[in-house]
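The values are calculated or read from the model by the stated rules, or taken from the named source; none is laboratory data. Keep in mind that this is a model prediction, so the values were computed, not measured. Cβ placement follows ideal geometry from the backbone for every residue including glycine, while neighbour counts extend to all protein chains displayed. Keep in mind that these areas ignore ligands, DNA and RNA; they rest on the heavy atoms of the full protein, side chains included. Shrake-Rupley method; radii C 1.70, N 1.55, O 1.52, S 1.80 Å.
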Amino acid sequence: MHTIYQFVSGPLAWIAFILFAGGCIYRVAALLHTVYQKERFIFSYMSWRHSLNSIFHWIIPFASVNSRKHPVMTVVTFVFHISLILVPIFLLSHIVLWDEAWNITWPALPDGLADVMTVLVILSCVFFLARRIVLPEVKYVTSASDYVILAIVAAPFITGFYAYHQWPGYSFVMILHILAGEIMLIAIPFSRLRHMLFSVFTRAYMGSEFGGVRHARDW
Amino acid sequence: MGDPAVQNDAAVEAKVVDEGIDRGVEALTPERIESVINQVFEKETGARLQAYVETCVHCGLCSEACHFYLSNDKDPKFSPVGKVKQTIWEMVKRKGRVDADFIRNAVEVAHTQCNLCKRCAMYCPFGIDIAYLMLVVRRICHKLGVTPLYIQDTVNSHSVTMNQMWVKEDEWIDTLQWQEEEGRDEIPDLRIPVEKEGADIMYSVIAPEPKFQAGLIYQAAVLMNVAGMNWTMPATPGWDNSDMAMYTGDNEIMARVKRSHFETARRLRVNKIVMGECGHAFRSIYDMGNRQLGWKMPPIPVQHAIDFYDELLREGKIRIARKFEKSVTLHDPCNIVRGRGLHEKSRSVVRAMCDNFIEMHPNREHNYCCAAGGGVINCGPPYKQKRMAGNRVKAEQLAATKAEVLIAPCHNCHSGLEDIIHHYKLDMEVKFILDILYECMEKPE
Ligand code: HEM
Ligand code: SF4
Ligand code: SF4
């Protein structure tokens, strides 16, 4: 058990971080390269002002018409995404690991809050799952990969929650937790989770076309 | 798991007979389909297509943007992303190895169940441009020789005559002279200056105007004369600003048509092109045709009628003699509202003319499309029932205003909304802004 732990938290973690960082850089660079090669005109339409205007209207809850039309989805998705990003970075026990390995630290979330946020992420995933099964318009466009992606995202939080509470067998679950986290990191550049990388670009482009050429709002 | 295509009324009723599609599909071979799809994917598309396919999280949030979806009892096949699933996703996933039946469905989806109105781009959290994806499908179908017959005929007309309606050169000039003569009964020194080099404005219209609605040219001539504009209309091909090739994915013909339009304006050395109340023509000149020719923005300033009327009213060149009495509501055409933000200007023109203006909801950028645009009405009678069924929400939206007159400042919207009003038995009259402006403006005694 100990050696497996050593392996997943050592070399495998390295691999995961390298694949994540390298994959993200590669994806974004490849996207921009394709634009440069095939649709260079896009650059000439890009505008910082309109891009940011559009991005802000879509990352602020209820600032877009559609987010007001789906209030529950809007609240869930914002809570989900914020927790999803903040918890792994600002969890005390994660910061301790960074401190031990690299001697760097930063402020941590109170453990109680992080615990609540973890539960919120898990519940959000259940909500997304239910949407996929219940709502016809979501069901129609759902493929197996959508369930896999949801599972990949939920797994680190479920296992992390279990391990944090030190329930029976938690040292084994801890290994699963580390593995799940690594899988999620790697999945970001290599699955539809890459919307994390691409969303700013698609939004900025649509914002620039609407703001600069069409003189209309796109939110 | 992905659902099989759910049957709905429209789908059951319709195994539409369309010779353009039927014959095209018969001639397809698997090799040809595969090679054309991959050629378009590799040579004609790039990061946009890729990012749109890879970024979509299949969340379905774009669904309620689409009038087809809302009107067909929320049948997911009609949701924007549902249309992408039936077309682009499969083509990408199967690397172009799809069969003729697939193409048959794809051409119907892209040509007759999407108006390219881009409302969904405002509802997708990522700004995924599904209208663009549907245009890619149409491009593929065009290259496969599978395009609905009626709209293909208009493209053939563009190609042969540089106008959409097979209007011959002498017919065109005759029509202008005829309208000039008619106009002189009202304003004795009225002119429709043809081929006047160095004029300030080239006025351009779509070919259905000389063909069926010459009265609109008459009204425009009165407006130009009363306002004292230095204007002209060309006598040569290039006078028509319409463009159905843009909607069939025939980009080469789109480029020829737009080049001839711009070159005509250049030859006449005008300062700007002012165009009649048409939306798709504006999109072609302002957004798509110019790009196909390599111009970021149009090489000559273009002004849509709404903008032009607004300017004339603001500068006092046209004055309102008496206000229009009936209650009016205003439709916001996609191509000039989501496409050019003219919604406040159209309102200021309407308010100047009409005392009793009732907003429909939703409005401005969020207005529902007329379901005629994007070339859908031009696919002709075989699809009319589907078009009517596909825009029940528009009928409800119109009925709720209880207005007597519906102002639709776009030719496609105008015809499409007339159909809707007739089909749903609404008691409403459709008018262009110019109809009312002409009626209400001050004219010399
Ligand atoms: C930081 C930038 C990110 C942005 C702007 C963003 C935005 C979005 C948006 C707009 C959606 C659409 C549906 C909804 O509103 O829920 C979505 C869904 C989703 N996001 Fe993100 N996201 C980001 C990062 C991430 C990351 C890092 C992950 C996970 C590793 C993730 C996981 C998901 C999942 C699983 C869904 C799908 C929910 C479903 O199945 O319906 N997102 N995201
Ligand atoms: S008709 Fe309009 S809203 Fe519907 S899919 Fe096409 S572009 Fe989107
Ligand atoms: S809203 Fe955007 S991301 Fe969601 S299904 Fe529609 S196109 Fe895809």
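Annotations
- Scope segment B:387-406; condition open to solvent by 10 Å² or more (accessible area, probe 1.4 Å) and not in a helix (DSSP H, G or I); matching residues: B:Lys402, B:Glu404
- Subset of segment B:61-74 that is facing chain A (nearest Cβ under 8 Å) and surrounded by fewer than 24 Cβ atoms within 10 Å (Cβ to Cβ) - its residue that is nearest to ligand 1 (Cβ to nearest atom): B:Glu64
- Single match in A:Ile95, A:Ile82, A:Ile60 (criterion: within 16 Å of the chain's Cα centre (by Cα), without any contact (Cβ under 8 Å) to a residue 60 or more places away in the chain and more than 15 Å from ligand 3 (Cβ to nearest atom)): A:Ile82
- Filtered residues of segment B:368-380 (kept if crowded, with 24+ Cβ neighbours inside 10 Å and either within 16 Å of ligand 3 (Cβ to nearest atom) or assigned to a loop (DSSP other than H, G, I, E, B) (or both)): B:Tyr368, B:Cys369, B:Cys370, B:Ala371, B:Ala372, B:Gly373, B:Gly374, B:Gly375, B:Val376
- For B:Ala100, the conditions (1) in contact with a Pro (Cβ under 9 Å, 6 or more places away or on another chain); (2) within 14 Å of chain A (Cβ to nearest Cβ); (3) more than 16 Å from ligand 1 (Cβ to nearest atom) all hold with the exception of (2).
- B:Glu396 vs. criteria farther than 17 Å from B:Cys440 by Cβ, modelled with pLDDT of 95 or more and of a type in the set (D, E, K, R): yes
- Entry remark, segment A:184-201: residues being within 15 Å of ligand 3 (Cβ to nearest atom) and open to solvent by 10 Å² or more (accessible area, probe 1.4 Å) number 10 in total.
- Among the candidates B:Met134, B:Met162, residue that is buried (at least 24 other Cβ atoms within 10 Å of the Cβ) and at pLDDT 95 or above: B:Met134
- Matching option when the condition is of a type outside the set (A, V, I, L, M, F, W, C) and more than 28 Å from B:Val226 (Cα to Cα), among B:His331, B:His361: B:His361
- Unmet criterion (only one of (1) away from ligand 3 (no atom under 16 Å from the Cβ); (2) not in a loop (DSSP other than H, G, I, E, B); (3) not charged (D, E, K, R)) for A:Tyr205: (1)
- A:Ala114 meets the conditions (1) more than 10 Å from ligand 1 (Cβ to nearest atom); (2) surrounded by fewer than 18 Cβ atoms within 10 Å (Cβ to Cβ); (3) at pLDDT 95 or above in every case but one. The failed one is (2).
- If you check A:Ser64, A:Ser93, A:Ser83, A:Ser51 for being among the small types (Gly, Ala, Ser) and farther than 28 Å from A:Val126 by Cα, only one passes: A:Ser51.
- When restricted to residues that are assigned to a helix (DSSP H, G or I), at the interface with chain B (Cβ under 9 Å from one of its Cβ atoms) and buried (at least 18 other Cβ atoms within 10 Å of the Cβ), segment A:35-64 contains 5.
- Cβ pairs under 9 Å, 6+ apart, first in segment B:83-100 and within 17 Å of A:Lys139 (Cβ to Cβ), second at pLDDT below 95: B:Lys85/B:Gly2; B:Gln86/B:Ala5
- Of the residues in segment A:8-19, at least one is at pLDDT below 95, in a loop (DSSP other than H, G, I, E, B) and farther than 30 Å from A:His215 by Cβ.
- Residue in segment A:135-147 that is farther than 30 Å from B:Leu133 by Cβ and open to solvent by 60 Å² or more (accessible area, probe 1.4 Å) present: no
- Scanning segment A:208-219 for residues being facing another protein chain (nearest Cβ under 7 Å), part of a helix (DSSP H, G or I) and within 16 Å of ligand 2 (Cβ to nearest atom) gives a total of 1.
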